[in-house]
Amino acid sequence: MNHDGSAIDSKKIESSSKSPDCSKQDNQKKWWQWLIMYPTIFIAIIGAIPTALGYYKSWRIGVPFDKTQIALEQNRLWQKNYECSKSEFMSIKNNHNIEVGTIICLSGDILIKVQSPDAKPVFWWVGLKTFESNDQAAIGLWFINRAQAEERLAPIVVAQNNSVVLCQRWLDNGRLLRRIEIQGKGCFDEVVNTYTGQIEKRDSVPCDQHC
């Protein structure tokens, strides 16, 4: 009887010593079984990664999710045409004092500046490749239709360029510092958000050509 009891006890000890490994193997087996049994969940998680990255990019650059690609393209065109963007704008103005200026770069890309009375100017790039896209072509048609409507309402005249870019430099990937001299008003440092084309900040500064 004693020998049988000791044999049973030794088996229990051996079984208990192996139980953690066995349990771990069971858990691993259940994990892989879970993936095999529910592949659609795994596929859904993998498929959601690009969307999650898109939302992260949107949050990082501070634009709506559906405008992320457009904003990234605007920033890319600022970087591509950095030197050209310092050129003088050719502008027109109507009798409502709304001014639209353009810079046509050698790359074929066009920088547009819209200046309304008592408001900071807004910049927008129209890339050469833009015209190959139907969506961007629709944007171009909107500009044309808007300009035609304004022309019917008010005469368009050539505006004298009254601002010159003295210097500019990147503050970071999406913010460009431009020092401009405005005739009769002095010099200003403008911080342009190159994702949105909006001026985030404007400060009066000495007319120094070194930013």
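Listing for the model above:
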item	result
Residue ID - farthest from CYS84 (Cα to Cα), chosen from residues in the range 166-179 that are surrounded by 15 or more Cβ atoms within 10 Å (Cβ to Cβ) and over 22 Å from the mean Cα position of the chain (by Cα)	ARG179
The range 78-126 - residue that is touching a Gly at 6+ places or on another chain (Cβ under 6 Å), under 18 Å from ASN193 (Cβ atoms) and not basic (Lys, Arg) and, of those, surrounded by the most Cβ atoms within 10 Å (Cβ to Cβ)	PHE123
Residues located in the range 72-94, provided they are of a type in the set (A, V, I, L, M) and either without any contact (Cβ under 8 Å) to a residue 60 or more places away in the chain or in a strand (DSSP E or B) (or both)	LEU77, MET90, ILE92
Subset of the range 192-211 [over 16 Å from the mean Cα position of the chain (by Cα) and either over 16 Å from SER87 (Cα atoms) or modelled with pLDDT of 95 or more (or both)]	LYS201, ARG202, ASP203, SER204, VAL205, PRO206, CYS207, ASP208, HIS210, CYS211
Hits in the range 180-201 - residues which are closer than 26 Å to ARG60 by Cα and surrounded by 15 or more Cβ atoms within 10 Å (Cβ to Cβ)	ASP189, GLU190, VAL191, VAL192, ASN193, THR194, TYR195, THR196, GLY197, ILE199
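The values are calculated or read from the model by the stated rules, or taken from the named source; none is laboratory data. Bear in mind that the values here come from a model prediction, so they are computed numbers and not experimental data. Cβ coordinates were reconstructed from backbone atoms using ideal geometry, including for glycine residues, and neighbour counts include every protein chain displayed.
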